[in-house]
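Below is one structure, written out as structure tokens, with a few remarks after it.
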Amino acid sequence: MTYYPNKIKYILSIGILNMLLFACTKDDGTTKLYEDDIFYLPVIIHVLHNGEPIGEGRNLSSTRIMHQITLLNNDYRRKIGTRGYNEHPNGGDSKIEFVLAQKDPDGNSIDGINRINLNSMEVEQMGYNQNHYAQYAYWNPNKYINIWLTPLPLEANCLVLGLSSGPKTDLPGTDLLAIPKKGDAEGILINTVHFGESDIACHANLGRTLTHEIGHYLGLLHPWGNGVCSTNDYCLDTPAVDSPVFGRNTFLGCEGEMVMISNYMNFSEDEIMNVFTNDQIKRMHYVLNNHKGRHALLSSKVINR
């Protein structure tokens with residue numbers, strides 16, 4: 001039996017696991033819980049640009065956008081032969097896949113990409129948050145995961161990567177997520193230069209920013225959580241650490257445990273990220289089955305399954 005030195009963390013994590021296991025029953029045709037079932041989630045990519053032709057500057061090509069979705073699915077499905085594969089004993093296949101929306105809110109066929117020329121719009125500047133970008137486009141969050149590609153100034157490269165709203169649930173640690181207030185927009189912001197693979201001189205150039213932010217959107221915390229060894233991210237199989245994790249080299253965390261530097265929810269370099277743990281996966285499944293909005297995505301009619 002593995003020894004877990006953080007007793008409080010162990011007790012809390014066991015409680016979470018019991019909640020998750022108790023939730024594993026099919027209550028309708030949209031809840032997917034058995035081993036061979038997959039959670040399919042629709043996404044809409046709002047590309048905000050400054051009038052550039054498609055494929056130039058911040059108006060990313062459709063090829064790059066579609067490849068980012070492939071990278072995202074490689075990571076969440078732990079696909080063999082990709083950067084998302086790992087052989088870590090605590091690593092798992094999340095059984096979650098992301099699909100570009102095939103219908104817009106009016107029922108018209110689309111490719112999952114909504115391009116918006118900012119030059120033609122005059123809007124109040126509200127800062128780097130979902131409410132600001134929702135002024136340009138915001139589709140029903142019960143049917144789409146809204147992802148905005150934000151054309152930030154060059155000086156923000158490698159400093160401002162992304163931002164995600166989180167789901168409010170009864171899971172411990174929910175208060176550490178960015179929970180929208182009543183009337184706030186929810187979704188994910190990604191600095192355009194960090195969306196997909198690129199040759200920028202930065203640790204975040206292989207598309208893992210979206211992998212990380214989607215994790216928050218589905219209820220995951222940073223492994224250091226609230227900075228307290230005994231609780232941190234409330235996942236038993238992520239070694240406890242009480243401070244942010246950067247870089248590419250592991251180190252000793254709480255109680256002499258080696259930090260899981262390759263976990264997607266760290267601030268590690270894209271090149272070495274490749275693990276969601278089994279407890280992190282159970283936490284995401286709990287959110288998909290128990291959060292009203294996230295659960296509604298499973299029955300969205302904007303993708304074909």
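Some values worked out for this structure:
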read-out: Hits in the range 175-198 (condition: more than 12 Å from Q68 (Cα to Cα) and part of a loop (DSSP other than H, G, I, E, B)); value: L177, A178, I179, P180, K181, K182, G183, D184, A185, E186, G187
read-out: Pair list, Cβ < 8 Å and 6+ apart or interchain, from the range 50-78 residues that are within 18 Å of H212 (Cβ to Cβ) and modelled with pLDDT of 95 or more to residues that are aromatic (F, W, Y) and part of a strand (DSSP E or B); value: I69/F98; L72/F98; N73/F98; Y76/F98
read-out: Any pair with Cβ under 7 angstrom, 6 or more apart, that starts in the range 167-196 at a residue that is under 11 Å from H216 (Cβ atoms) and ends at one that is in a helix (DSSP H, G or I) and among the charged types (D, E, K, R); value: P167/R294; I188/E213
read-out: Criterion (surrounded by fewer than 19 Cβ atoms within 10 Å (Cβ to Cβ), over 30 Å from K103 (Cβ atoms) and touching a Pro at 6+ places or on another chain (Cβ under 9 Å)) met by exactly one of G247, G293, G256; value: G256
read-out: Residues of the range 78-106 that turn out to be surrounded by 20 or more Cβ atoms within 10 Å (Cβ to Cβ), over 30 Å from N117 (Cα atoms) and touching a Leu at 6+ places or on another chain (Cβ under 8 Å), as a count; value: 2
read-out: Filter result for the condition that a residue is at pLDDT 95 or above and acidic (D, E), over E269, E257; value: E269
read-out: Pairs, first more than 19 Å from D270 (Cα to Cα) in the range 240-257, second at pLDDT below 95 and of a type in the set (K, R), C-beta under 7 Å, six or more apart; value: A240/K9
read-out: Matching residues, the range 152-185, being out of contact with any Phe, Trp or Tyr (no Cβ under 8 Å at 6 or more places or on another chain) and of a type in the set (V, I, T); value: T174, I179
read-out: Residue among D111, D75 that is touching a helix residue (DSSP H, G or I) at 6+ places or on another chain (Cβ under 7 Å) and surrounded by 14 or more Cβ atoms within 10 Å (Cβ to Cβ); value: D75
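The values are calculated or read from the model by the stated rules, or taken from the named source; none is laboratory data. What you see is a predicted model, and the numbers here were worked out from it, not measured in a lab. Glycine gets a Cβ as well: all are built from the backbone with ideal geometry, and neighbour counts include every protein chain shown.
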